[in-house]
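The values are calculated or read from the model by the stated rules, or taken from the named source; none is laboratory data. Because the structure is a prediction, the values reported are computed rather than measured. Note: ideal-geometry Cβ built from the backbone for every residue, glycine included; neighbour counts use all protein chains shown. Each accessible area value is taken on the protein alone, full model and side chains, heavy atoms only, with ligands, DNA and RNA left out. Shrake-Rupley method; radii C 1.70, N 1.55, O 1.52, S 1.80 Å.
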Amino acid sequence: MHDTSRVVALVPAAGRGVRLGESMPKAFVPVGGCPMLTLAIDGLIASGVVDHIVIAAPAELIGEARVLLGHRADPACPVPVSVVPGGAERTDSVRAGIAAAPRATHFLVHDAARALTPPSLIARVVAELTSGCPAVVPGLPVTDTIKSVDSDGTVTGTPDRAVLRAIQTPQGFHADLLRAAYAAGMRATDDAGLVEAFGAQVRVIPGDPMAFKITTPLDLRLARTLLAERDTPGPGLDIASITTPASSEVAR
């Protein structure tokens, strides 16, 4: 990494996660004894490529978030972690994170719900960014057949899944590009969509199955099972065996 680079990870964690069916905001739901938020932050720190982390939490839970983070929120931590009030929408939370990191040269936007994301994937995104790519996202080939439908449920088309990717996080951007896209007031379902609408090219690199998003009760069960298998001595599920090699081909 260039000496002048400052990589800041933005973690929007103010969402309620209604689909998960839990009684607390999704980022605070425990997986294997640790909140998703803590697992996601530990992955960012373990990557060794992040200089600062900014979490956007529900305003009423900022104190609780700091308690959960423990020593990670200590200003003396090698990778300082800040907590700021998030907003009603994801874009509001990312915007708050951007405002809290004026010195950033590169941004990573990472879902707390992708709590098991391997640090190696985070490092690969940053490597692409610092080599000159303005926007980089990890993605996996789509294995299901996809249909587009109208409001009545009638199929209107079947896109070629060979050119489709399921996009994960962290999504990486040159800081000035993401700042400009947010300043333009555009709307999209993810941050890559914002910079695409702004006219920037986004590169897709191979993602990782472990970076799946914990959205439904089934996802939560899977995440807890994977962590239990990882932490149990002796033969168990070989998580590495389901990881997509970094060298696999991904369409751009």
**OP:** For the stretch 150-165, indicate whether the set of residues that are under 14 Å from residue 109 (Cα atoms), surrounded by 13 or more Cβ atoms within 10 Å (Cβ to Cβ), modelled with pLDDT of 95 or more and within 20 Å of the chain's Cα centre (by Cα) is non-empty.
**Re:** no
Original post:
Limited to the stretch 137-149, what total is found for residues that are out of contact with any Pro (no Cβ under 8 Å at 6 or more places or on another chain) and either exposed (fewer than 12 other Cβ atoms within 10 Å of the Cβ) or closer than 22 Å to residue 102 by Cβ (or both)?
Top reply: 4
Subject >> Where residue 169 falls short, out of the listed (1) assigned to a loop (DSSP other than H, G, I, E, B); (2) modelled with pLDDT of 95 or more; (3) open to solvent by 60 Å² or more (accessible area, probe 1.4 Å) >> reply: (3)
Subject >> Out of 68, 39, sole residue that is in contact with a strand residue (DSSP E or B) (Cβ under 8 Å, 6 or more places away or on another chain) and open to solvent by 40 Å² or more (accessible area, probe 1.4 Å) >> reply: 68
**OP:** Give 124, 187 a once-over and let me know the one that is open to solvent by 50 Å² or more (accessible area, probe 1.4 Å), in contact (Cβ under 8 Å) with a residue 12 or more places away in the chain and outside any loop (DSSP other than H, G, I, E, B).
**Re:** 124
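Would you say residue 100 is open to solvent by 10 Å² or more (accessible area, probe 1.4 Å), farther than 20 Å from residue 36 by Cβ and modelled with pLDDT under 95?
On the way: open to solvent by 10 Å² or more (accessible area, probe 1.4 Å): yes; farther than 20 Å from residue 36 by Cβ: yes; modelled with pLDDT under 95: no.
No: the conditions fail for residue 100.
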